[in-house]
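Asker: This is the structure I want to talk about, given as structure tokens.
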Amino acid sequence: MSKRIDVKNLDIYYGAFHAVKNVSMTIEPRSVTAFIGPSGCGKSTVLRTLNRMHEVIPGAYTTGEVLMDDKNLYAKDTDPVDVRRQVGMVFQRPNPFPTMSIRENVLAGVTLNSKRLSKSAADELAEQSLRGANLWTEVKDRLDRPGSGLSGGQQQRLCIARAIAVQPEVILMDEPCSALDPISTLAIEDLINELKSDYTVVIVTHNMQQAARVSDRTGFFNLEATGMPGELVEMDDTQKIFSNPSKPATEDYISGRFG
Amino acid sequence: MSLDTAPTPPQERKQRKLSEIEGVELEVVRASSNRLSLLALGGAAVLLVLLVVLGLNPALALVAAFVVYLGVVFVAYRNTAGPRVARDHVFRGLVGAAFVLAVVPLLSLLWTVVSQGGPTLVDPAFLNQTMNGVTGLQDQATQRDGAPLIGGAYHAVIGTLVITGIAALISVPIGVFTAIFLVEYQPKGRVSQVIRFLVDVMTGIPSIVAGLFAFALWAVLFGIGTKNGFAGAVALSVLMISTVVRNSEEMLRIVPNELREASLALGVPKWRTIAKVVLPTAASGLASGVTLAIARVIGETAPLLVAVGYARGLNVDPSQGPMNTLAVYAYYMFTKPLSPGFREPSLDRAWAAALMLVLIVVVLNLSARVIAKAFAPKTGR
């Protein structure tokens with residue numbers, strides 16, 4: 001259950017503002033793809049177009065195509081809700097639902113979407129998802145406690161468990177470790193490595209070591225100047241990007257010579 | 001001075017210490033104890049007593065003593081601890097005085113209502129009887145001969161609960177749904193701006209206008225002079241909806257956007273996100289907002305007088321004829337005592353009705369707190 005994504009000539013706008021221009025890329029199934037680049041270059045925006053979450057912002061629209069196994073996510077007859085069921089997302093700050101317990105949080109995507117969920121099915125799904133997020137042993141004795149009582153790193157893994165409970169094809173992560181300490185970051189990175197055997201994972205990160213550690217392929221985004229649209233400079237195997245990039249801008253950025 | 005505009009070499013731009021720069025003088029702060037202000041407070045109290053004994057108006061004496069206290073504290077701390085601390089103590093005094101000024105009328109009001117209305121409220125006749133058939137003769141007997149009180153506010157309590165309940169049933173859904181539209185569907189649209197403006201205008205509508213509106217509406221719909229509980233409920237709703245919209249809008253707005261995004265990213269449709277994530281997260285705030293709105297209208301007199309009229313007996317059917325409510329009941333007992341020569345029993349009833357209203361509002365507020373606590377987002381382990 002993991003799919004390949006082809007982005008073709010994608011342009012993203014927020015009202016009159018042209019945020020990202022002409023992005024084309026291929027995201028391979030069962031792999032981790034990292035987006036790196038300076039702040040404001042549009043990498044999070046591109047990530048959010050992959051499950052149509054950027055539409056939540058009023059005035060945002062796109063041109064171009066995003067194909068998931070040759071099905072256009074932006075076709076007229078495609079429902080954004082349906083897209084988001086197949087492409088899950090983990091955000092920068094852990095955001096468990098404050099009114100729900102740990103167990104309810106994990107099952108939220110399922111219970112909010114299905115008419116009926118038997119107790120045994122719910123138990124199985126909760127355990128399986130929490131195990132998938134390496135959180136089961138830490139919370140199995142307090143599943144009925146509120147999710148907000150967990151530490152930041154645990155909360156983030158809870159959010160990952162919540163995302164994989166609906167069994168999407170693709171998981172998007174928008175700087176998932178930027179609010180976490182190094183130990184929790186390590187736990188999440190280990191988890192990302194495990195997730196890629198089942199899912200297509202796309203991660204945005206400001207931490208280049210992290211991109212080098214977890215990803216198979218890396219895309220470097222840049223923008224010519226503030227106010228200009230961001231663009232995909234190059235995309236290649238992570239090893240190649242970090243050892244022998246083909247564009248000078250990429251080399252400047254990864255070697256720290258760039259502002 | 002040279003006119004050379006070339007950038008200064010780095011060694012000349014080194015930071016100077018604050019003390020080396022002319023024109024900067026830091027205020028002195030020395031250690032000081034609170035004993036001085038206590039001493040000044042004691043002195044001011046003595047002065048107050050002295051002034052009152054000397055025959056000055058007590059209120060004037062209080063103001064004078066307070067001003068003297070502020071002056072003494074300022075001078076004392078200025079000389080021992082420095083001007084900054086002195087200003088701090090003066091403002092502490094002002095803030096404390098403002099607090100006392102705000103609380104004193106409230107406590108005085110509560111005390112007056114409880115002491116005047118308490119004895120009658122606990123009289124079994126007051127909560128069990130209506131005014132049906134009660135005349136000035138009974139009041140005469142009560143005041144002159146010490147006969148037990150006859151005639152109470154049972155019908156008014158029921159009327160208040162029925163009419164306010166219907167008003168809440170009308171305005172809470174309308175208000176909350178309007179707030180949902182304003183926050184979730186059209187945060188910046190033209191329609192929302194118009195709605196917000198109208199809601200703001202509605203907040204300022206005098207209550208009598210709402211009463212006349214309901215009266216006129218009922219005159220058109222059911223014939224001139226039709227007065228019943230529903231008309232009163234509509235009048236109260238007109239007053240309530242704006243408050244509910246405003247409160248609910250604030251509460252929905254403070255629900256973090258991340259929660260909406262988290263839910264949408266799980267593939268949950270928007271309406272379900274609102275129903276299952278946004279509303280439960282805001283529930284405690286919504287509950288207290290609604291309670292405040294109810295508390296605001298439950299004591300309305302004028303619109304109910306116009307739209308519902310005045311009934312001496314029990315009427316539980318809001319679609320049939322006048323009903324009574326506590327505020328209107330109190331108004332009538334004050335202005336039109338049953339027996340002009342023997343006013344005491346009527347005044348007692350009015351005070352008791354006022355106390356009953358206060359009690360209902362207190363109970364409403366307490367229950368709002370309980371509800372808020374039950375719904376509040378859970379924290380901790």
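Asker: Give me a count of the residues in region A:194-207 that are touching a strand residue (DSSP E or B) at 6+ places or on another chain (Cβ under 6 Å) and open to solvent by 30 Å² or more (accessible area, probe 1.4 Å).
Answerer: 1
Asker: Out of all the residues in region B:185-194, is one or more modelled with pLDDT under 90 and touching a helix residue (DSSP H, G or I) at 6+ places or on another chain (Cβ under 7 Å)?
Answerer: Checked region B:185-194: at least one residue is modelled with pLDDT under 90 and touching a helix residue (DSSP H, G or I) at 6+ places or on another chain (Cβ under 7 Å).
Asker: Return the residue satisfying two criteria in turn: it lies in region A:135-166 and is surrounded by 23 or more Cβ atoms within 10 Å (Cβ to Cβ) and in contact with a Lys or Arg (Cβ under 7 Å, 6 or more places away or on another chain), and of such residues it is farthest from the other protein chains (Cβ to nearest Cβ).
Answerer: A:Leu135
Asker: Can you give me the number of residues within region B:209-228 that are among the polar types (S, T, N, Q) and crowded, with 24+ Cβ neighbours inside 10 Å? Before you say what the answer is, go through the steps one by one.
Answerer: Restricting attention to region B:209-228, the residues satisfying the condition of being among the polar types (S, T, N, Q) are B:226, B:228.
So of that shortlist, the ones also crowded, with 24+ Cβ neighbours inside 10 Å come out as none.
Residues in region B:209-228 being among the polar types (S, T, N, Q) and crowded, with 24+ Cβ neighbours inside 10 Å: 0 in total.
Asker: From the set of residues in region A:225-242 that are open to solvent by less than 50 Å² (accessible area, probe 1.4 Å) and in contact with a Ser or Thr (Cβ under 8 Å, 6 or more places away or on another chain), which is farthest from A:Val32 (Cα to Cα)?
Answerer: Filtering region A:225-242 for residues that are open to solvent by less than 50 Å² (accessible area, probe 1.4 Å) and in contact with a Ser or Thr (Cβ under 8 Å, 6 or more places away or on another chain), the one farthest from A:Val32 (Cα to Cα) comes out as A:Gly230.
Asker: Working only within region B:18-42, note down all residues that are surrounded by fewer than 10 Cβ atoms within 10 Å (Cβ to Cβ), more than 17 Å from B:Arg78 (Cβ to Cβ) and of a type in the set (Gly, Ala, Ser).
Answerer: Hits for region B:18-42 are B:Ser19, B:Gly23.
Asker: Also, I was wondering about something else. Would region A:61-75 turn up any residue that is more than 9 Å from chain B (Cβ to nearest Cβ), aliphatic (A, V, I, L, M) and without any contact (Cβ under 8 Å) to a residue 24 or more places away in the chain? Break it down into steps so the answer makes sense when it comes.
Answerer: Within region A:61-75, the first condition is being more than 9 Å from chain B (Cβ to nearest Cβ), and the residues that meet it are A:61-75.
So of that shortlist, the ones also aliphatic (A, V, I, L, M) come out as A:66-68, A:73, A:75.
Now restrict to residues that are without any contact (Cβ under 8 Å) to a residue 24 or more places away in the chain: A:73, A:75.
There is at least one residue in region A:61-75 that is more than 9 Å from chain B (Cβ to nearest Cβ), aliphatic (A, V, I, L, M) and without any contact (Cβ under 8 Å) to a residue 24 or more places away in the chain.
Asker: Return the only residue of A:Val81, A:Val66, A:Val20 being at pLDDT below 90, open to solvent by less than 30 Å² (accessible area, probe 1.4 Å) and in a helix (DSSP H, G or I). Can you show your working first?
Answerer: Values: A:Val66 fails: in a helix (DSSP H, G or I); A:Val20 fails: in a helix (DSSP H, G or I).
Matching residue, one of A:Val81, A:Val66, A:Val20: A:Val81.
Asker: Taking the criterion of being in the same structural domain as B:Asn228 (by TED's automatic domain parsing), among the polar types (S, T, N, Q), surrounded by fewer than 16 Cβ atoms within 10 Å (Cβ to Cβ) and assigned to a helix (DSSP H, G or I), would at least one residue in region B:332-339 satisfy it?
Answerer: Checked region B:332-339: at least one residue is in the same structural domain as B:Asn228 (by TED's automatic domain parsing), among the polar types (S, T, N, Q), surrounded by fewer than 16 Cβ atoms within 10 Å (Cβ to Cβ) and assigned to a helix (DSSP H, G or I).
Asker: Only one residue in A:Val83, A:Val87 is closer than 19 Å to B:Glu258 by Cβ and either within 14 Å of chain B (Cβ to nearest Cβ) or more than 17 Å from the chain's Cα centre (by Cα) (or both). Which one? Quick ask: steps written out before the conclusion?
Answerer: On the way: A:Val83 fails: closer than 19 Å to B:Glu258 by Cβ.
After ruling out the rest, the residue left standing is A:Val87.
Asker: I've got another one for you. List every residue pair whose Cβ atoms lie under 6 Å apart, where the two residues are 6 or more positions apart in sequence or sit on different chains, the first residue falls within region B:344-370 and is buried (at least 17 other Cβ atoms within 10 Å of the Cβ), and the second residue, located anywhere, is of a type in the set (Asp, Glu).
Answerer: B:Pro345/B:Asp139
Asker: Here's another thing I want to ask about it. Quick check on region A:170-193. Is at least one of its residues at pLDDT 85 or above, surrounded by fewer than 20 Cβ atoms within 10 Å (Cβ to Cβ) and within 12 Å of another protein chain (Cβ to nearest Cβ)?
Answerer: No, region A:170-193 has no match at all.
Asker: Considering only residues that are open to solvent by 10 Å² or more (accessible area, probe 1.4 Å) and either away from chain A (no Cβ under 14 Å) or under 25 Å from B:Ile298 (Cα atoms) (or both), which ones fall in region B:229-272?
Answerer: Residues satisfying the conditions are B:Phe230, B:Val234, B:Val238, B:Ile241, B:Thr243, B:Arg246, B:Asn247, B:Glu250, B:Met251, B:Arg253.
Asker: Can you tell me which of (1) open to solvent by 20 Å² or more (accessible area, probe 1.4 Å); (2) assigned to a strand (DSSP E or B); (3) in contact with a Pro (Cβ under 6 Å, 6 or more places away or on another chain) is the one A:Gly88 doesn't meet?
Answerer: (1)
Asker: Spot the failing condition for A:Pro245; the list is (1) within 14 Å of another protein chain (Cβ to nearest Cβ); (2) surrounded by 17 or more Cβ atoms within 10 Å (Cβ to Cβ); (3) in a loop (DSSP other than H, G, I, E, B), and only one is missed.
Answerer: (1)
Asker: Another question, if that's okay. Starting from region A:97-118, keep only residues that are at the interface with chain B (Cβ under 7 Å from one of its Cβ atoms), then list their pairs with residues that are open to solvent by 50 Å² or more (accessible area, probe 1.4 Å) and hydroxyl-bearing (Ser, Thr, Tyr) whose Cβ atoms are within a distance under 8 Å, requiring at least 6 positions of separation or different chains.
Answerer: A:Pro98/B:Thr379
Asker: Might you check whether a residue that is touching a Gly at 6+ places or on another chain (Cβ under 9 Å), of a type outside the set (Val, Ile, Thr), open to solvent by 10 Å² or more (accessible area, probe 1.4 Å) and not in a strand (DSSP E or B) occurs anywhere in region A:213-220? Working first, answer last.
Answerer: We begin by selecting, within region A:213-220, every residue touching a Gly at 6+ places or on another chain (Cβ under 9 Å); these are A:219-220.
Now narrow it down to the ones that are of a type outside the set (Val, Ile, Thr): A:219-220.
Of the ones still in play, those that are also open to solvent by 10 Å² or more (accessible area, probe 1.4 Å) are none.
No, the conditions are met nowhere in region A:213-220.
Asker: So B:Leu326 passes all but one of these: (1) touching a Leu at 6+ places or on another chain (Cβ under 9 Å); (2) open to solvent by 40 Å² or more (accessible area, probe 1.4 Å). Which condition number does it fail?
Answerer: Answer for B:Leu326: the failing condition is (2).
Asker: Give, as residue ranges, the helices (runs of 4 or more DSSP H) completely inside region B:107-192 that count at least 3 residues that are touching a Gly at 6+ places or on another chain (Cβ under 7 Å). Even if it seems obvious, please write down each step before you answer.
Answerer: Values: elements: B:124-128, B:136-145, B:154-180.
So the answer is B:124-128, B:154-180.
Asker: So which pairs qualify, if the first residue must be in region B:132-155 and within 14 Å of B:Phe342 (Cα to Cα), the second must be surrounded by fewer than 15 Cβ atoms within 10 Å (Cβ to Cβ) and small (Gly, Ala, Ser), the Cβ gap must be under 6 Å, and the two must be at least 6 apart or on different chains?
Answerer: Within 6 Å, the pairs are B:Ala141/B:Ala147.
Asker: Identify, by number, the condition in (1) in a helix (DSSP H, G or I); (2) at pLDDT below 90 that B:Ser237 doesn't meet.
Answerer: (2)
Asker: Then there is this: Sort through A:Thr137, A:Thr185 and tell me the only one that's closer than 22 Å to A:Met208 by Cβ and not charged (D, E, K, R).
Answerer: Numbers: A:Thr137 fails: closer than 22 Å to A:Met208 by Cβ.
One residue alone meets the criteria, A:Thr185.
Asker: Also, I was wondering about something else. Would you check which residues across region A:97-134 are small (Gly, Ala, Ser), assigned to a helix (DSSP H, G or I) and open to solvent by 30 Å² or more (accessible area, probe 1.4 Å) and list them?
Answerer: Of everything in region A:97-134, those that are small (Gly, Ala, Ser), assigned to a helix (DSSP H, G or I) and open to solvent by 30 Å² or more (accessible area, probe 1.4 Å) turn out to be A:Ser120, A:Ala121.
Asker: Any idea which of B:Arg87, B:Arg78 is charged (D, E, K, R), touching a residue at least 12 places away in the same chain (Cβ under 8 Å) and part of a helix (DSSP H, G or I)?
Answerer: Being charged (D, E, K, R), touching a residue at least 12 places away in the same chain (Cβ under 8 Å) and part of a helix (DSSP H, G or I) holds for just one of B:Arg87, B:Arg78, which is B:Arg87.
Asker: Suppose we keep only residues that are surrounded by fewer than 19 Cβ atoms within 10 Å (Cβ to Cβ) and aliphatic (A, V, I, L, M) within region B:273-294. Which one would you say is farthest from the other protein chains (Cβ to nearest Cβ)?
Answerer: If we take residues in region B:273-294 being surrounded by fewer than 19 Cβ atoms within 10 Å (Cβ to Cβ) and aliphatic (A, V, I, L, M), then B:Leu292 is farthest from the other protein chains (Cβ to nearest Cβ).
The values are calculated or read from the model by the stated rules, or taken from the named source; none is laboratory data. Note that the coordinates shown come from a computational prediction; the quantities given were computed from them, not determined experimentally. In this analysis, Cβ positions are derived from the backbone assuming ideal geometry, glycine residues included, and neighbour counts consider all displayed protein chains. SASA here: full protein model, heavy atoms, side chains in, ligands and nucleic acids out. Shrake-Rupley method; radii C 1.70, N 1.55, O 1.52, S 1.80 Å.
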